[in-house]
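The next block holds one structure in the form of C-alpha cells; read it before the comments.
No lab work stands behind these numbers, since they all come straight from the coordinates. What you see is a predicted model, and the numbers here were worked out from it, not measured in a lab. Using ideal geometry, Cβ is built from the backbone for each residue, glycine included, and neighbour counts are taken over all protein chains shown.
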Amino acid sequence: MNINKIGNLIARQRIAKKMTQDQLAKKLGILRTTVSKWERGINTPDISLLQPLCQELDLTFTELINGEKNISNKDNTITAIDAINFYNKKTKNKYLIVSINIIFLLFCFFLSLIIINNYNKFTMYKIHTTNTPFTIDGYLLENVNKKGIFIQNIIYNDELVGTDKEIITDSVTITLKSNNKVIYSFKKINHSNQEPIHDLLNNTSFYVDTDTIKKIDLNNLSLLIELEDNQELKNNIIDLSKNNLRTP
C-alpha cells in the first residue's frame, strides 16, 4: 500500500465531489489538518474512518487502500481481514519504535536508580571527638568513588580558658593528615591583634574531599593544631580515624 497514492486519490475524489478539506473533515468529525495530512501522504486514515470515508468519496475499500479508482471488488464491505491488512508495515514500525523508546526509557530509569543508590549514597560518620583540651565536631563522608571530611567547629576547652593565664595568640595552624602525610593545612589569623586561642579557634570550619586531595585514608586521620609563636599546646594531635567514630 502506497500512502502517497492514497492521499492523492482522497484529494482527487474530494475535489471531484466539490468539497473542501474543511467540509470533508466536518462530515467525518475530524480536524481539517487531519485531512490535509492524508492528502500529503503523511498519515493514513484511522481504521474507524475507512467506511464513512469511502461513502463520502464514493470509493470502494479496495480502491482506497490501493490508491486507484475503478478497481473491481465483488464485495464493497470492509472485513476484519481487510482492516488488519490496512495496517501496513509503516504503521507496525511506528508502534515498534514507540515500544523500543518506552523500553529504553525504563532501562534508563532503573539504571539511574542503581547509579544513585550505589554511587551517590554516602556513608556518614559523625565526628565528636573530645581530646582535652580540644573538642572537634564534624563529619566524614564516604562512598565508592568519593570521600570527604567536613569540620564544622573546633573548640578549645583548656582549664585556663577564661582566666588571665589563657594562651593569647594572633595565628594558629591547622593541619589535616592521613597516614602522617599532610593532605590539607591552613592558618587562621587575627590581623588586628592577639586574642585568646579559644576565641580564635571557635567556629573554625573547612571541607576537604577527593576533588582536592586524590587519596584520603579515612582509617588513619589526625588533626594537628599548632601555634606560630613557639607556644606549645598539650594534646594537640586529635585522632579522627573512621574506626573510632560512629554513624549518626
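With a simple spin-label model that places each label point 7 Å from the Cα along the Cα-to-Cβ direction, the separation between residue 243 and residue 68 comes to 8.8 nm.
Backbone phi angles across the stretch 174-187, fed through the Karplus curve with coefficients 6.51, -1.76 and 1.60 (θ = phi - 60°), yield HN-Hα couplings of 10, 10, 9, 10, 10, 6, 6, 9, 5, 10, 6, 8, 7, 9 Hz in residue order; Gly and Pro are listed as x. Residues whose amide H comes within less than 5 Å of that of residue 195, counting only those at least five positions distant or on another chain, are 169, 170 (H built at 1.01 Å from N in the peptide plane). Length available on full extension from residue 231 to residue 209: 0.36 nm per residue minus the Cα-Cα distance, which gives 4.8 nm.
If you plug the beta carbon distance of residue 159 and residue 217 into 1/(1 + (r/R0)^6) with R0 = 30 Å, you get a FRET efficiency near 0.35.
Subtract the Cα-Cα distance of residue 96 and residue 112 from 0.36 nm times their separation in residues, and report this length gain in nm to one decimal. Write down the numbers at each step before the final one.
Values: separation 16, 0.36 × 16 = 5.76 nm, distance 2.42 nm.
Difference between extended and current length: 3.3 nm.
What full-extension length gain, to one decimal in nm, is calculated for residue 126 and residue 15 as 0.36 nm per residue of separation minus the Cα-Cα distance? Mind showing how you got there, number by number?
Values: separation 111, 0.36 × 111 = 39.96 nm, distance 8.05 nm.
Extra length available between residue 126 and residue 15 comes to 31.9 nm.
Of the cross-linked pairs 181/234; 18/69; 146/181; 126/165, those separated by over 26 Å at the C-alpha level are 126/165.
Just want the ordering: 188, 181, from fewest to most Cβ atoms lying within 10 Å of their own Cβ. Can you show the working numbers first?
Working: 188 17, 181 10.
Ranking 188, 181 by Cβ neighbours within 10 Å, fewest first, gives 181, 188.
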